[in-house]
Protein chains: 2
Amino acid sequence: METTLIRQMYKEDSSQYLGKEVKVSGWVRTVRASKNFGFIEMNDGSFFKNLQIVFDDSHENFKELSKLVISSAIEVVGKLVETPNSKQPFEIQATSIKLEADSESEYPLQKKKHSFEYLRTIAHLRPRSNTFSAVFRVRSLLSFAIHKFFQERNFVYVNTPIVTASDAEGAGEMFRVTTLDLEKLPKDEYGKLDFSKDFFGKETNLTVSGQLEAEAYALAFRNVYNFGPTFRAENSNTTRHAAEFWMMEPEIAFADLNDNMDLAEDMMKYIIRYVLEHAPEEMNFFNSFIDKGLLERLQNIVSSDFGRVTYTEAIEILKNADKNFEYPVEWGSDLQTEHERYLAEEVFKKPVFVTDYPKDIKAFYMRLNDDGKTVAAMDLLVPGVGEIIGGSQREERLDILEKRMEDIGIEKESLWWYLELRKYGGVKHAGYGLGFERAVMYLTGMSNIRDVIPFPRTVKSAEF
Amino acid sequence: METTLIRQMYKEDSSQYLGKEVKVSGWVRTVRASKNFGFIEMNDGSFFKNLQIVFDDSHENFKELSKLVISSAIEVVGKLVETPNSKQPFEIQATSIKLEADSESEYPLQKKKHSFEYLRTIAHLRPRSNTFSAVFRVRSLLSFAIHKFFQERNFVYVNTPIVTASDAEGAGEMFRVTTLDLEKLPKDEYGKLDFSKDFFGKETNLTVSGQLEAEAYALAFRNVYNFGPTFRAENSNTTRHAAEFWMMEPEIAFADLNDNMDLAEDMMKYIIRYVLEHAPEEMNFFNSFIDKGLLERLQNIVSSDFGRVTYTEAIEILKNADKNFEYPVEWGSDLQTEHERYLAEEVFKKPVFVTDYPKDIKAFYMRLNDDGKTVAAMDLLVPGVGEIIGGSQREERLDILEKRMEDIGIEKESLWWYLELRKYGGVKHAGYGLGFERAVMYLTGMSNIRDVIPFPRTVKSAEF
């Protein structure tokens, strides 16, 4: 007999299973047994909800079943019947329950409330809990929604390199990648470290962004996106920073900052809609137990036209605000989270793009505006979080780009190929980056980045 | 006026554009001009084929247009007309052609035959060539096909860590990840390197496989897949090895080796069909210019039931073969590519799974068969290539797994969590790995792995 998944019973027409004998298998979440009969809540991994299994003392292994340990794996054959008066729509009246894999009674994930801190220490088991089952299914769906959005629009997915000899941001703290024997480091004739002996023949690091390489591909395929892991060796122990995280970066040619914002707005609405539609059980769970206003906030995003305001206008709004900010508001300083949230939550009451930031607080590759003071940058601020997307039109004019690199002190030699893109049909183009874990946090209401990464890497922590 | 993409003209009902004024933009591939009129072949990045633009001396910039440099970016307005007697189905009679971005005449990708070796030195420009435009669009489609296949089957995509303190294969050569200052390495009181001062507080490396972590997730979600970059610091300069490559690894619970093979067979057929359907122009190009038998070979895979043979049977077949192999055939030795190709190409004439290899040539986590000599492993061999997938049922019995680790000399302490999975409902499970670049090579006929990775990383090479 074929195994039926709990997801099939819930998501397909259940009448094809009701009243019939089915085979299911999964892991025991709870067991309650009296002298003559018992109930097992079983989860089979396919679906957020459990299935109730009913058994009685006609089972020859009734005694063992009554003592089943949580997380044991079982295979069950029985009749699926409707249960109109219960909270679950159906249950299985088992004719046979077979133990597939035992468990031990000191199972670390008992049926009680555990702190997220504790669950991080058992990251190999936490996806078996309700919260993390919901988080990581949503993470998976959100990844796919991103791919689907861009593929439907004929964007080419480009895998930019993870190991790199250049530093895209010009400033990120990076992890070194090496095969040199640290006990016997090779030196050159001047006594300096000899990286020509290293695996790649030069100093290499883990990438902080694939944007520059994606630009090369946008100037061939027009519309491309990159989606992969990126790294920051920042010694910051916050709830919003991880050393290893995934980034999604589209890059579009024959496009300016407005096209870029249109794309970001369409994408955000699409991926939120996709998750709401494909994980309603999980999203209801988050809304009930993690973040009460979640669904309303997400619905608001999906149905709003995002606001657009220049940085200079935003500074004026903040200066005139009837609110005491911790950080001063001043033209030329970056917006702080409190400013961003005030704009999104209290002024616009919806997501808002802030554009045209002062050039001195933005990266070298952003396109200089005609005022000579600002660049064609955009950040998307959303209620509840603040910045979630950052992007810009790229500087396509070789002379201005070179001057900017000189001013900041970025070596031109290592980016020769990036500069060459401006020589050969380097048409206007733009792109943005979405920190993927920030997006998962935003969609689930989870407040610590460690809780949306299967095995998080942070300062002093690389367990599993 | 909205810009129309060349893809839309070819792939949508072209009658909605024919005879009408359209706006297009893209990069010049060739220009031919006489005294009174000229032709531009333009590629807009959206589609493999070019669009022909016709202009004449009624254009006030006729002279400049006649001298347009290859790879210049232009915007064109004009009427799309049918050209029944030409090889292309339609062309644009331009009313205006505007230069969007200039190019220089020493453009390194001139309209002539370049070697793949040369094109690797301009990896930032090579996606603009026919071959690499086709390769990297197919790569993108193949990625998506993999995601789509698994998502349609409700597999959960799990991002396993890139930086890791454990070595999944027990044997792979790895890249160290560190933030230690190599000029001032910290020593402990015994004069040994003090990794407690490193970013993660211990020695860390780049992952060689996410399988072990994926197993943890399969025992929660039942069916999961991992798809991300992996690394090998092997000093091997071959056409089939890169230091950085992508790996796709599904892991399924309540499943044995047969389920694993069924999944691999379904997946291979699905992803090949997807690419054939979504990139017919590119696939025809490969079949004509890169690998003459390609389409026939792929059609054969899609329509065959894959063969299945045990390693022991395969050895018998090879021993009795009327063929001189370079490497000896002997029970206990691994199959060489010549053996694998002989089995797939001459014996089975289709893809074939070889199963149940001697335990001593396979990894520690593979499930020991009842004979005590072989493990429940499977390799998929395909005509033209040899091995493309490797997988196994995993050893779920704690005592046998521990004994095997001891025999091989793998530290149990660092894999405490992996062993724990066997204690708590560690039901039978299985999985496999598909080297993604090998798959791209197989589907395109490209013979060097450097030519299917946007910016390849190999020994002594980390350009761009």
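Would you point out which residue out of A:Val375, A:Val329 is free of Cβ contacts under 8 Å to residues at least 60 places away in the same chain, within 22 Å of A:Ser209 (Cα to Cα) and of a type in the set (A, V, I, L, M)?
Values: A:Val329 fails: within 22 Å of A:Ser209 (Cα to Cα).
Selected residue: A:Val375, the only one of A:Val375, A:Val329 that is free of Cβ contacts under 8 Å to residues at least 60 places away in the same chain, within 22 Å of A:Ser209 (Cα to Cα) and of a type in the set (A, V, I, L, M).
Scanning the range A:195-229 for residues that are touching a residue at least 12 places away in the same chain (Cβ under 8 Å), in contact with a Pro (Cβ under 6 Å, 6 or more places away or on another chain) and crowded, with 22+ Cβ neighbours inside 10 Å gives A:Tyr217, A:Tyr225.
Kindly indicate which of B:Val354, B:Val385 is surrounded by fewer than 23 Cβ atoms within 10 Å (Cβ to Cβ) and either of a type in the set (Lys, Arg) or closer than 30 Å to B:Leu276 by Cβ (or both).
Working: B:Val354 fails: surrounded by fewer than 23 Cβ atoms within 10 Å (Cβ to Cβ).
When all the criteria are applied, what remains is B:Val385.
In the range B:174-192, how many are facing another protein chain (nearest Cβ under 8 Å) and either outside any loop (DSSP other than H, G, I, E, B) or polar (S, T, N, Q) (or both)? Result for the range B:174-192: 4. Among the residues of the range B:418-464, those identified as closer than 30 Å to A:Tyr107 by Cβ, within 8 Å of chain A (Cβ to nearest Cβ), buried (at least 20 other Cβ atoms within 10 Å of the Cβ) and not aliphatic (A, V, I, L, M) are B:Tyr418, B:Tyr424, B:Gly425, B:Gly426, B:Lys428. Of everything in the range B:131-190, what is touching a strand residue (DSSP E or B) at 6+ places or on another chain (Cβ under 8 Å), surrounded by fewer than 22 Cβ atoms within 10 Å (Cβ to Cβ) and charged (D, E, K, R)? Give them in sequence order. Hits for the range B:131-190 are B:Arg153, B:Asp167, B:Arg176, B:Glu183, B:Lys187.
Scanning the range A:201-217 for residues that are touching a strand residue (DSSP E or B) at 6+ places or on another chain (Cβ under 8 Å) and more than 8 Å from every other protein chain (Cβ to nearest Cβ) yields A:Glu203, A:Asn205, A:Thr207, A:Val208, A:Ser209, A:Gly210, A:Gln211, A:Ala214, A:Glu215. Checked against (1) more than 25 Å from B:Ala134 (Cβ to Cβ); (2) loosely packed, with under 14 Cβ neighbours inside 10 Å, B:Lys23 passes all but a single condition, namely (2).
Based on what the data block shows, is B:Asp198 over 26 Å from B:Ala377 (Cα atoms), more than 7 Å from chain A (Cβ to nearest Cβ) and over 21 Å from the mean Cα position of the chain (by Cα)?
Considered against the rule, which asks whether it is over 26 Å from B:Ala377 (Cα atoms), more than 7 Å from chain A (Cβ to nearest Cβ) and over 21 Å from the mean Cα position of the chain (by Cα), B:Asp198 comes out as yes.
In the range A:405-419, the residues that are aromatic (Phe, Trp, Tyr) reach residues that are not in a helix (DSSP H, G or I) with C-beta atoms within less than 6 angstrom, at least six apart or across chains, in these pairs: A:Trp417/B:His124; A:Trp417/B:Phe464. Scanning the range A:106-118 for residues being more than 10 Å from chain B (Cβ to nearest Cβ) and either in a loop (DSSP other than H, G, I, E, B) or without any contact (Cβ under 8 Å) to a residue 24 or more places away in the chain (or both) gives a total of 8.
Can you spot a residue in the range A:126-138 that is on the phi > 0 side of the Ramachandran plot and assigned to a loop (DSSP other than H, G, I, E, B)? Reasoning before the result, please.
The initial filter retains those residues of the range A:126-138 that are on the phi > 0 side of the Ramachandran plot, namely none.
There is no residue in the range A:126-138 that is on the phi > 0 side of the Ramachandran plot and assigned to a loop (DSSP other than H, G, I, E, B).
In the range A:219-277, which residue that is within 10 Å of chain B (Cβ to nearest Cβ) and of a type in the set (S, T, N, Q) is nearest to the chain's Cα centre (by Cα)? Ranking the qualifying residues of the range A:219-277, first place goes to A:Thr230.
Values in this text are rule-based calculations from the coordinates and carry no lab data. Everything numeric here is computed off the predicted structure, so don't read it as measured data. Methodologically, a virtual Cβ is constructed for each residue, glycine included, from the backbone with ideal geometry; neighbour enumeration extends over all protein chains shown.
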